[in-house]
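Below you'll find the structure, written out as structure tokens, and then a few comments.
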Amino acid sequence: MAATLQIPTNPLTPKSFGAASNPPSTIVEARQSAILAIQSIEGLALQHGMLPVTLLRESCSPDAERLIRKLGRVPYVADPWLPVSTIGPLLVMAHHNPRAGDLWGVPHFFTIRVLITQEQYQNTRKDLVQRFGQMPISQSNAMEQLQPPVFSDLGLDGTFQWLLEHYPYEPAEITKLKGFYDAQKGKAESLGITHFNVVQRNMGIALQHLVSGCRTLVYSATEAQRQSFFPIPLLERHNVYPLYIGKQVVFLLSESSDCYAFEDEWLSMGNPAVKIVPVLADLASIREAINRAGATFDPSAVATIEGAALSVADDASVVEISPEDMGRINPQNPNHEPEQLVQWALFTAIRCRASDLHLEKFYSFTRFRARMDGTMKTIMTAPESQLNRYVALLKNYAGMSQNRQECQDGRMALSIGRRRVDVRVAAVPTRREFQKVIMRFLDKQDGVKRLSDFNLSQRQIDILTRTMQRDQGLVLVTGPTGSGKTTTLYALLNSVNDESVNIQTIEDPIEYEIEGINQTQTNNARGLDFANGLRALLRADPDIILIGESRDAETAGAAVNASLTGHLVLTTLHANDSLRAVSRLLSMGVEKYLLADSLALSQAQRLARRLCSYCKQPMQAPQDVQDLLAKQAVISQPLTTPIYTARGCDECHGTGYSGRVALMELCEVNNELRDLVEEGAPLSAMRAAAFKNGFRSLYQEGLQQVIGGHTSLDEIKCLSYTAM
């Protein structure tokens with residue numbers, strides 16, 4: 001373990017960090033600088049047991065800035081190690097000189113040191129000088145005197161408990177971590193790296209780094225650069241990703257130290273041997289990095305990405321994608337067959353993490369538009385004459401008839417290497433006997449979430465935990481189409497999915513297949529609808545029932561009755577917010593006294609675009625924003641931390657946003673609200689009672705995500721109608 005840092009007796013003033021880097025003061029230092037300039041960072045990394053890294057962004061990430069302010073103090077030299085990112089509770093610090101000393105006072109065991117080029121160091125340093133010039137960091141920090149235990153004696157579990165006691169977590173963070181830890185402890189007697197990664201992203205690998213005496217190389221795959229050296233299918237098959245590709249060595253991100261199967265297949269493909277240095281990383285982050293590497297999108301009319309040569313498997317509803325043959329297709333080439341271009345569009349949409357793909361006529365063109373992070377983007381255009389051929393191909397894949405006058409629904413599946421994606425297909429007639437085809441992608445690999453994947457507050461976690469521990473009651477999740485209602489319901493079911501609970505679902509369609517849950521698909525041709533299916537499920541001795549949607553009076557009434565007979569019932573409903581769901585059910589014919597007795601939780605949900613973590617720009621909250629936050633009771637004193645705005649970079653295709661974040665309005669029904677429902681009280685009275693008990697509207701939840709740096713004010717202004 002590294003020696004404890006000694007503060008100089010005559011430290012430089014904090015202003016020295018803002019000055020130019022100190023020149024070598026002695027002949028020895030000058031000689032060392034000359035040697036470092038000649039040596040590659042690959043060689044230096046191997047020599048000193050560190051990681052060489054090419055930074056995605058030449059700046060300090062928002063999480064790293066928050067952590068350095070919590071753990072560190074102003075540096076005493078002009079060229080210290082620079083905070084660049086985080087791995088769970090650990091701070092990643094970068095330098096071009098492995099012998100540099102100043103860690104900003106952060107205890108050495110809370111840091112992971114990586115090597116970068118001198119050019120990246122200077123650019124990152126300029127960003128930090130500007131950032132800390134606007135908001136200075138503390139002159140001292142008590143954490144500098146913290147002495148570590150022998151982590152190897154404590155093990156993963158003991159080290160986690162030590163962090164809860166000694167790490168400067170906020171009280172709300174401790175409560176949240178303990179809650180997720182207890183949930184994992186209830187499912188497994190002994191917790192490993194994977195379990196702790198569920199408690200908090202990258203927590204497991206951070207604990208392993210500490211337990212190994214800081215000798216295990218670890219890194220976050222979300223910070224890895226895009227690569228083109230290894231074929232994407234090869235990386236997908238082995239769940240690995242190259243962090244740094246040097247002349248002699250490849251530093252390979254992997255969930256384990258065993259990379260021999262990857263090496264064997266790489267050699268069997270006729271490639272030269274390379275030395276592999278495994279770097280421990282979270283599996284979910286590795287998959288995200290692989291998907292990001294394959295998601296090359298050009299926002300012009302036609303995207304420049306390798307195409308895909310696909311073939312239909314023996315089962316006509318499954319389309320297999322062979323990524324090895326992708327290079328043969330160029331969407332700009334007019335000589336390709338229509339089938340090849342349709343398949344290329346499907347592949348491109350999935351690689352770019354689109355939720356939907358639309359095929360439609362637009363003036364004299366046929367265009368494919370993909371919904372990425374909630375926004376439609378054109379990924380391919382073709383002559384109008386090709387529209388009917390494209391439609392016929394897609395309907396054939398989905399097992400639909402070629403009738404142009406009827407609205408039709410179908411389903412197919414895409415197999416991309418080891419990845420399976422289900423596709424729901426809808427065809428609707430448009431003017432002049434044209435048709436539009438809409439495809440929704442349901443990713444079997446990454447679609448099912450855990451509650452820890454959401455940015456939930458402690459209040460939200462407590463409400464959801466209390467609700468899912470009930471033995472009966474009705475849980476409503478409301479929101480428009482595409483707002484993530486089903487994803488939330490599956491996350492709730494996953495939180496209680498174990499052998500002691502019998503979970504039954506009735507869905508149309510079954511969007512995600514989960515082991516341990518008994519899922520039933522409606523079948524109107526056989527007379528199996530939601531109402532009939534629910535009556536059948538009640539005879540299957542269920543503890544928890546999921547109803548895909550309460551779309552009519554009969555299903556809503558059956559759901560309410562089931563929740564009154566000793567079952568916890570979860571269902572979705574179309575309503576504008578959580579309290580309007582009450583009036584929606586009443587208008588469907590549900591009796592007031594039955595609804596009052598059964599309703600346990602009503603939740604409204606929306607999706608807002610998530611700010612790109614690589615380029616979001618910090619800014620001090622102006623006075624009008626401070627006033628807005630205070631008026632909405634989101635802050636009680638002036639906000640001192642920055643909020644963030646969208647900027648745009650290559651990683652987010654210039655939009656400033658990447659992914660989406662769920663805004664959840666949770667209304668837990670207490671006795672006062674129950675009485676108001678039974679009395680048929682107006683919505684204003686119910687809202688007043690809810691706010692009195694800590695209720696937060698969608699707009700308030702959105703503002704909370706703005707303060708947390710996850711989204712922007714522009715993204716949530718459409719929810720201002722729910723403001724106080």
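A few comments on the model shown:
- Kirkwood Rh, angstrom, segment 195-246 [1 / mean 1/r, Cα pairs]: 12.7 Å
- Convex hull of Cα atoms in segment 578-724, direction-averaged projection (nm²): 9.7 nm²
- For segment 373-470, the set of chymotrypsin sites (Phe, Trp or Tyr not before Pro) satisfying both a DSSP loop assignment and a count of at most 16 other C-beta atoms within 10 Å is given as 434.
- Using the Karplus relation 6.51 cos²θ - 1.76 cosθ + 1.60 with θ = phi - 60°, the per-residue 3J(HN,Hα) values for segment 122-136 come to 5, 5, 5, 4, 4, 4, 5, 4, 5, 5, 7, x, 6, 10, x Hz, with x marking Gly and Pro.
- Of 449/717; 485/616; 361/395; 187/449; 178/485; 185/449, pairs whose Cα-Cα distance is over 24 Å: 449/717; 485/616; 178/485
- Scattering profile of segment 117-191 at q = 0.11, 0.12, 0.13 Å⁻¹ [log10 I(q)/I(0), Debye over alpha-carbon scatterers]: -0.55, -0.62, -0.70
- Of all lysines in the structure, those lying under 23 Å Cα to Cα from residue 275, and not within fewer than 8 positions of it along the same chain, are 247.
- In the chain, the longest principal axis of the Cα atoms and the axis of helix 171-187 are about 70 degrees apart.
- Cα point-scatterer Debye curve for the chain, base-10 log of I(q)/I(0) at q = 0.05, 0.06, 0.07, 0.12 Å⁻¹: -0.28, -0.41, -0.56, -1.52
- Here's how it looks for residue 435: its modeled amide H is under 5 Å from those of 430, which are all 5 or more places away or on a different chain.
- Expected 222 nm ellipticity per residue - DSSP helices of 4 or more, -39500 (n - 2.57), all of the chain, to 500: -10000 deg cm²/dmol
- Rounded D (µm²/s) - segment 471-556, Kirkwood Rh over Cα pairs, Stokes-Einstein at 20 °C, 1.002 mPa s: 158 µm²/s
- Candidates per chymotrypsin sites (Phe, Trp or Tyr not before Pro) in segment 153-218, loop by DSSP, up to 16 other Cβ within 10 Å: 169
- In order along segment 542-559, the Karplus-derived 3J(HN,Hα) couplings, from 6.51 cos²θ - 1.76 cosθ + 1.60 at θ = phi - 60°, round to x, 9, 10, 10, 10, 10, x, 7, 8, 9, 8, 5, 5, 5, 4, x, 5, 5 Hz, and Gly and Pro are given as x.
- Rounded to whole numbers, the Karplus 3J(HN,Hα) couplings from phi for segment 454-464 are 8, 7, 8, 7, 5, 4, 5, 4, 4, 5, 5 Hz, using 6.51 cos²θ - 1.76 cosθ + 1.60 with θ = phi - 60°, and x at Gly and Pro.
- Alpha carbon centroid spacing (whole Å) that separates segment 74-113 from segment 558-593: 54 Å
- For the chain, relative contact order (Cα pairs under 8 Å, six or more residues apart, normalised by length) works out to 7 percent.
- Cα gyration tensor shape of segment 52-101, rounded if a/c is under 1.5, else prolate or oblate by comparing a/b with b/c: oblate
- Other-chain or far-sequence residues with amide H under 5 Å of residue 318's (modelled H): 313, 413
- Equivalent ellipsoid, segment 384-492 (semi-axes from 5 times Cα gyration tensor eigenvalues, Å): 38, 17, 12
- Cβ-based net charge around residue 240, under 12 Å, with every Lys or Arg adding one and every Asp or Glu removing one: -3
- The value of relative contact order for segment 440-549, using C-alpha pairs under 8 Å at least six residues apart, is 27 percent.
- Distant-in-sequence amide H partners of residue 112 (H built 1.01 Å from N, under 5 Å): 91, 92, 93
- Remark on segment 635-713: ratio of C-alpha radius of gyration to 2.2 N^0.38 Å is 1.54.
- The GluC sites (Glu not before Pro) of segment 437-521 that meet both conditions, a loop assignment by DSSP and at most 10 other Cβ atoms within 10 Å of the site Cβ, are 499, 515.
- The distance from the alpha carbon centre of segment 330-361 to that of segment 143-157 is 53 Å, rounded to a whole number.
- Zero-based 5 Å bins, Cα pair distances in segment 135-267, whole percents: 2, 8, 15, 17, 16, 14, 12, 9, 5, 2, 0
- Folded to 0 to 90 degrees: helix 387-397 orientation relative to the chain principal axis, Cα: 90 degrees
Computed from the coordinates by the stated procedures, all read-outs in this text should not be read as laboratory data. Just so it is clear, the structure is predicted and the values come from calculations on it, not from any experiment. Counting neighbours? That spans all protein chains shown, and the Cβs are built from the backbone with ideal geometry, glycine included.
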